[in-house]
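Report on the following structure.
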Amino acid sequence: MRCPNHPQNEATGYCSVCGDFGCQECLTLHEGNLLCERHYRPIARKVEEEKRQDQIRKQHPRQRLVVRYQDGRRDYGVSFAMI
């Protein structure tokens, strides 16, 4: 069977979500499942956003804050160091 997107390539598997056949260029292996580009694209965006957020967190380390008032109350917060 030939890949519908790349007729010169043999189909090597199918998308675990929609069942479309594809070649190695069309399918991506993610957590043990083969996914077509249409179903992998949202996952790839989420992974990239998580990487970006992680880099931002590493650039701006957090400090935990505790504010103690004279009347005994406490407030907790987080401070981000701006470099």
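The values are calculated or read from the model by the stated rules, or taken from the named source; none is laboratory data. Model, not experiment: these values are computed from the prediction. No Cβ is skipped: glycine too gets one built from the backbone with ideal geometry, and neighbour counts run over all protein chains shown. The accessibility values were calculated without ligands, DNA or RNA, using every heavy atom of the protein model including side chains. Shrake-Rupley method; radii C 1.70, N 1.55, O 1.52, S 1.80 Å.
Over all Cα atoms in the chain, the spread is summed up by Rg and Dmax: 23.6, 77 Å. Rolling a 1.4 Å probe over the protein heavy atoms of the chain, with every protein chain left in place, gives an accessible area that is 49 percent carbon and sulfur. For the chain, GluC sites (Glu not before Pro) are listed when DSSP marks them as loop and at most 10 other Cβ atoms sit within 10 Å of their Cβ; the list is E31.
Each helix, a run of at least 4 DSSP H residues, gives -39500 (n - 2.57); summed and divided by the residues of the chain, these come to -9500 deg cm²/dmol at 222 nm. For the set Y14, Y76, Y40, Y69, solvent exposure ranked by accessible area (probe 1.4 Å, protein chains only) runs largest to smallest as Y76, Y14, Y69, Y40. When nucleic acids and ligands are ignored and a 1.4 Å probe is applied, L34 ends up with an accessible area of around 60 Å².
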